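Remarks on the structure that follows.
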Amino acid sequence: MKAADLTVSTGSHWHSGARITDFSYNTLLALVPAIAMGLYHYGISAAGVIGTAVASAMIAEAAMQKLLGKPVTIADGSAAVSGLLLALLLPANTPAYMVVVAAFIGIAIGKQCFGGLGANPLSPALVGWAVLRITKPWVGYLDFDLALINYDLGFSMQYPLAVLKASGASGLHDFNTWNLFLGNQTGGIGASAIVCVLGGGLYMVARGLVRWEIPLCFLLGVFIASSLFRLVDSAAYAGPLFHIVTGNVMIGAFFLSTDNSSAPINRWGMVAFGLFCGMITVVLRVWSVYPDGVVFACLLMSLFVPLLDKLRASPIIVRPATIQITKEARREGASS
Amino acid sequence: MSVFKEFTKGLWQELPPFRLVLGLCPVLAVTKSATNGLGMGLAVIFVLTWSNILVSALRKVIPRKVRIASYIVIIATFVVIVEMATQAFFYPVYEALGIFIPLIVVNCVILGRAEAFASKNGVIASALDGLGIGAGFTMSLVVLGGLRELIGAGTLFDVEIMSAAYRSHSFSFMLEAPGAFICLGVLLAIMNAVSAPSSS
């Protein structure tokens, strides 16, 4: 037996023991507090957006699977999770046709065209959101200051990141970091409920359904990049805590960037993925035309996942048996 | 007559962007409207037909080792003619197509036909091949441009098709670059599904 023919490598995926249905329904469960806070703040129109997104994502999944002659698997809940994540990023009164278009393109093009669950290179929810974002006549509906103009919830109804974009860190004296953390800010239906999203995310991590590396490094990346900007000019750039508790960072760290098939599978890959997602988020917030950069940062880094998967300096699953066989074989090869 | 086949094969069997999957750069870039697609397609028909004729006529004169350079010179000649003609007579089309008219020189369809067909076949067959492939290319560009224009802007050949309410909130994603890729991919998938033998 030639030793050179043996390759020791890690398994291709993590397996936490959970099935797809367990994963999906636990994700839905983890997002319940964020949904509740969205409904509390924005009322029935938020329920409409969530219902439309979940329903059209599941219909799109079933229709594509029928069309492609595959077994229909909407009962596993993965399409519902994608639809829900999409809805949580949108303002409460997004027109229904936008939600439907985003969910259909996200699921049909972003997921089923690439082979369905487990084969999609990008998270379907993010694809749907990005389609809305670059459709110029519709952008007004995604601008939180315009979209939520009829709401008065008892706290500042200005989108914190838009204020930051317009007037720099010196315009932020209205915002209290603790209040922002408690979810007293405008934004996406669920994405703005920071504390609820954090709680749900910690639940997912505790259950082992989300690896801790990506969320931690995501937040760390945001922290590092915003601290660097802060060091350069503290009047123009907001501090790291402000960046962490506003916009989509929290939902991005725990739920968007950790999409099963568009995130790396090795520890150092996850670390690099999270750090770069976080840092690109801050860079986009500072330098791009968009107030928030979480979605584009996650999409961009998802494209690098095949490369990040090659970072295998320290494989997480070490299989002693396989390595021993290799050593024995090598000894045999050396002696013969 | 088999020569006629050289013309019809370009309309379906060897439809350039969808069957040969050649010349995708202009296909994606200039199909923001059906008019642009038609203009680009007509320019390509002219260049392709005449370069095919000339390459075919000179196929015994051109040394094999320098054939690519020779083809490029021939193609570039006709591209310059097209560029000057559109600039003189169809200025709006010239402005809309911009850099993509000079870039016809490096369009893979044209060089591909010169290399694969015109350098091995007679003048008449090559002319028909150029006309057929060019017509297929034009057809594809018009279909793709029409679809993108209709969904993205609510118009077709600049005629307002959709209601004013749709046009003010049109799905302009289709006019962006990702919309072009998605539209092309979906059309490609439909064509493959229609023409592929059923696997079951």
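The values are calculated or read from the model by the stated rules, or taken from the named source; none is laboratory data. What you see is a predicted model; the values in this text were computed from it and never measured. Counting neighbours? That spans all protein chains shown, and the Cβs are built from the backbone with ideal geometry, glycine included.
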Checklist entry - Can you tell me which residue in the stretch A:121-136 is nearest to the chain's Cα centre (by Cα), limited to those that are part of a loop (DSSP other than H, G, I, E, B) and at the interface with chain B (Cβ under 9 Å from one of its Cβ atoms)? => result A:134
Item to check | From A:139, A:81, A:49, A:54, residue being closer than 22 Å to residue A:252 by Cα and within 14 Å of chain B (Cβ to nearest Cβ) | outcome: A:139
Next on the checklist: Give me the residue from the stretch A:145-193 that is under 14 Å from residue A:38 (Cα atoms) and hydrophobic (A, V, I, L, M, F, W, C) and, out of that set, farthest from the chain's Cα centre (by Cα).
Outcome noted: A:153
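Each row is one residue, and each column tells you yes or no for (1) more than 15 Å from residue A:133 (Cβ to Cβ); (2) buried (at least 17 other Cβ atoms within 10 Å of the Cβ); (3) at pLDDT 90 or above.
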| site | (1), (2), (3) |
| --- | --- |
| A:65 | yes, yes, yes |
| A:76 | yes, yes, no |
| A:102 | no, yes, yes |
| A:106 | no, yes, yes |
| A:111 | yes, yes, yes |
| A:114 | yes, no, no |
Checklist outcome for this item: Picked from the stretch B:19-42 (must be in a helix (DSSP H, G or I), modelled with pLDDT of 85 or more and in contact with a Gly (Cβ under 8 Å, 6 or more places away or on another chain)), the residue surrounded by the most Cβ atoms within 10 Å (Cβ to Cβ) is B:37
Checklist entry - How many residues, within the stretch A:184-223, are assigned to a helix (DSSP H, G or I), closer than 30 Å to residue A:44 by Cβ and not small (Gly, Ala, Ser)? => result 8
Checklist entry - Restricting attention to the stretch B:160-173, and to residues there that are more than 9 Å from chain A (Cβ to nearest Cβ), among the hydrophobic types (A, V, I, L, M, F, W, C) and part of a helix (DSSP H, G or I), which single residue is nearest to the chain's Cα centre (by Cα)? => result B:164
Next on the checklist: I'm checking my understanding of the structure. Among residues of the stretch B:104-161 that are in contact with a Gly (Cβ under 8 Å, 6 or more places away or on another chain) and of a type in the set (Asp, Glu), which one is modelled with the lowest pLDDT?
Outcome noted: B:160
Checklist entry - Counting just the residues of the stretch A:151-180 that are touching a residue at least 40 places away in the same chain (Cβ under 8 Å), over 19 Å from residue A:293 (Cα atoms) and in a loop (DSSP other than H, G, I, E, B), which one comes out nearest to the other protein chains (Cβ to nearest Cβ)? => result A:151
Checklist outcome for this item: From the option list A:118, A:69, A:106, single residue qualifying as within 13 Å of chain B (Cβ to nearest Cβ) and either assigned to a loop (DSSP other than H, G, I, E, B) or touching a Cys at 6+ places or on another chain (Cβ under 7 Å) (or both) is A:69
Next on the checklist: Return the pair list, or none, for Cβ contacts closer than 7 Å from residues in the stretch A:51-74 that are over 15 Å from residue A:96 (Cα atoms) to residues that are among the charged types (D, E, K, R), at least 6 apart or on different chains.
Outcome noted: A:72/A:66; A:74/A:61
Checklist entry - What are the pairs, 6+ residues apart or on separate chains, where a residue within the stretch B:99-111 that is over 14 Å from residue B:78 (Cβ atoms) has its Cβ under 6 Å from a residue that is part of a helix (DSSP H, G or I)? => result B:100/B:26; B:100/B:29
Next on the checklist: Condition check: surrounded by fewer than 18 Cβ atoms within 10 Å (Cβ to Cβ) and in a helix (DSSP H, G or I). Does residue B:45 satisfy that?
Outcome noted: no
Checklist entry - Is at least one residue of the stretch B:183-197 closer than 13 Å to residue B:48 by Cβ, away from every other protein chain (no Cβ under 14 Å), in a helix (DSSP H, G or I) and among the hydroxyl-bearing types (Ser, Thr, Tyr)? => result no
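Matching residues to (1) assigned to a loop (DSSP other than H, G, I, E, B); (2) touching a residue at least 40 places away in the same chain (Cβ under 8 Å); (3) aromatic (Phe, Trp, Tyr):
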| site | (1), (2), (3) |
| --- | --- |
| A:228 | no, no, no |
| A:250 | no, yes, no |
| A:261 | no, yes, no |
| A:265 | yes, yes, no |
| A:273 | no, yes, yes |
| A:276 | no, yes, yes |
| A:282 | no, yes, no |
| A:286 | no, yes, no |
| A:290 | yes, yes, yes |
